[in-house]
Amino acid sequence: MTRFLRSRLLSYVLPGLVLVGAGAVSYELWERERQEIEAGLQAEFDTRVRETVSLFRERMLAYEQALHATHGLFATSAVVQRGDFQAFVARLRIDSHPGLQGLGYSQYVPATERERHVRAVRSQGFPAYALRPAGGVDEVTSAVFFEPSGSSLLGTLGSDYFAEPSRRHAMVAARDSGRVAISNKVKLPHEDAQQVQAGYRMWLPVYHPGRPTGNVQERRAAIAGWVYAAFSMDGLTGNILGERADIDIEVQDAGVGQGGEQAVDTIGDRVGGESTVKLFFASQRVEVDGYSWMLTARSLPNFATPVALSKLQLVARTGAVASLALALLTWYLLRRRIRLLRADEDLRAAKDHAEAASAAKTRFLAAASHDLRQPIQALGLFTATLESMARRPELPGPEVAHIAARLQQAVQGLGRLLDGLFELSALQNGVVTVSRRATPLAEVLAEVSTAFAGPAREKGLELRVRLPSALWVDTDPVVLRRVLSNLVANALRYTPKGRVLVGCRRRAGAVEIQVLDTGIGIAPDETAKVFGEFYQPSNVARGEEHGMGLGLAIVQRLATLLGAVVQVRSVPGRGSVFSVRLPRMALAIAAGER
């Protein structure tokens, strides 16, 4: 494989390899940058999740503090009137605690006190007051206070929360432990006049003053009621993340006694669309007063800042542009090298051609000088002979005639040689022009047959020319006649006995004119050389009767002018076939051109 071919192959392969390699490096840089950005976002996400958990716990403790404050009202007052409770809750300003719906008091009503309790509440301006649900036979409670009341008071007044399993377990836990307990998730009907939603109740027991509460039995005997705080989960978690809405927080009820606070999972999923970095996910269990919640945080696609995404895009675009630029630069350098190699090869070819032309010229001049010297020397010899004969008193006629004939033969040979040289020079210099037209092939062959019929008879050879009918070619008839004349002349010259046949064969869109002889033939290794100037086959003695070796060189150049192809097939001792292939013309077209 030459350097040119190797460079051409590299010009296709190497730019692709450079593009792939540079693209891989760019991707590696982009991946590192993405990992750094994700690490920073992960740290920010973890910090904000910890802040959210801390704020969640702080809000729950604020609820608990409000509940303890209300419990203090009952602990320091023998009797708490409705107005006292309302004023106290108003001073707590519970509306500053997100999610806190209100504070209430549920009174424990023994079976022996139910009728007196109902009369007492009705006398306070609630004539329709009754314990709900009615018919309780065991322990009964009644919601007697709830602030801020508004229209929600009538909906909760007289409700026996002890009869509801979702609240009863928390009330029992608070009564028996003396501490805060939280109910399972419940609906908060009518506790907010504008909205009914799911929430929780936080309970704290109130015992009769002066009674012992050292154990569960004593606390059960001393129970007077419960203060409770009603809060909604939506309100509790509302605005917990501040103004940035790029993390979604979900709080799930994990129940009572589910263990301590812990992070249970942290995963990330790759997403497309707005974000080219992963979305973060974390779940953490939070316990307050023996009750557990599962806080789940998920980052939204806009969690990654535009600056970070722009930086990633810049790295990706820069890498792509740099990779493409390197590939194009590699391609350009290789193409430039190919052009230089091609120019170098053209220069070498031109040099070789010039050297070959110089060698051919040298051979041409050597052969031409030899062939020119022969007739000139003969002329000199004949002239000297005539001079010597002129000194004789008598000139013998036969001798003078013989010398004159030889002198004429030398002059004719010199003329033919000069004509051949002049014609070859004209062909080499582009002086000869052709004029193509529709030409009937039979006319050209007839003229050739007429011109060479006499020389063939003189040599005792049979010349047979087959004239085709209605066969036209696109050629210059004068130049074609010159080509065929040279071929027929060569065939007659190198055929000692036998015949010379000229015929035509139709080919695909072409006509092949063949000149066949039964002469001495040409060796296979010399068939390509016979079209050179002054070249004669090795089995031919150089001399005037065998030509000067210019005929086939002229044939080759004339055929090139006609756009024809000349070929030769030969077998030494059996003869040769020279063929000339020309483009064939249809009869209709030929008739139009005529």
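The values are calculated or read from the model by the stated rules, or taken from the named source; none is laboratory data. Because the structure is a prediction, the values reported are computed rather than measured. All Cβ positions, glycine included, derive from the backbone under ideal geometry; neighbour counts span all protein chains shown. Side chains included, ligands, DNA and RNA excluded: accessible areas come from the protein's heavy atoms. Shrake-Rupley method; radii C 1.70, N 1.55, O 1.52, S 1.80 Å.
Here are the numbers for the structure shown:
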quantity	calculated
Residue check for residue 44: assigned to a helix (DSSP H, G or I) and exposed (fewer than 13 other Cβ atoms within 10 Å of the Cβ)	no
Within the range 167-186, considering residues that are touching a residue at least 24 places away in the same chain (Cβ under 8 Å) and within 16 Å of residue 233 (Cα to Cα), the one surrounded by the most Cβ atoms within 10 Å (Cβ to Cβ)	182
Some residue of the range 90-109 being open to solvent by 60 Å² or more (accessible area, probe 1.4 Å) and closer than 30 Å to residue 283 by Cα	yes
Selection within the range 460-487 - in a loop (DSSP other than H, G, I, E, B) and open to solvent by 40 Å² or more (accessible area, probe 1.4 Å)	460, 466, 467, 469, 470
Pairs, first within 21 Å of residue 507 (Cβ to Cβ) in the range 552-574, second among the acidic types (Asp, Glu) and at pLDDT below 90, C-beta under 7 Å, six or more apart	562/476
The range 220-257, subset closer than 16 Å to residue 173 by Cα and outside the structural domain of residue 105 (by the TED database), residue modelled with the lowest pLDDT	257
One residue from 36, 31, 64, 113 being open to solvent by 70 Å² or more (accessible area, probe 1.4 Å) and assigned to a helix (DSSP H, G or I)	36
Exclusive hit being touching a residue at least 12 places away in the same chain (Cβ under 8 Å), over 26 Å from residue 25 (Cβ atoms) and of a type in the set (A, V, I, L, M), set 341, 312, 324	341
Residues that are hydrophobic (A, V, I, L, M, F, W, C) and free of Cβ contacts under 8 Å to residues at least 24 places away in the same chain, drawn from the range 482-515	508
The range 515-555, residues that are at pLDDT below 85, of a type in the set (S, T, N, Q) and surrounded by 18 or more Cβ atoms within 10 Å (Cβ to Cβ)	536
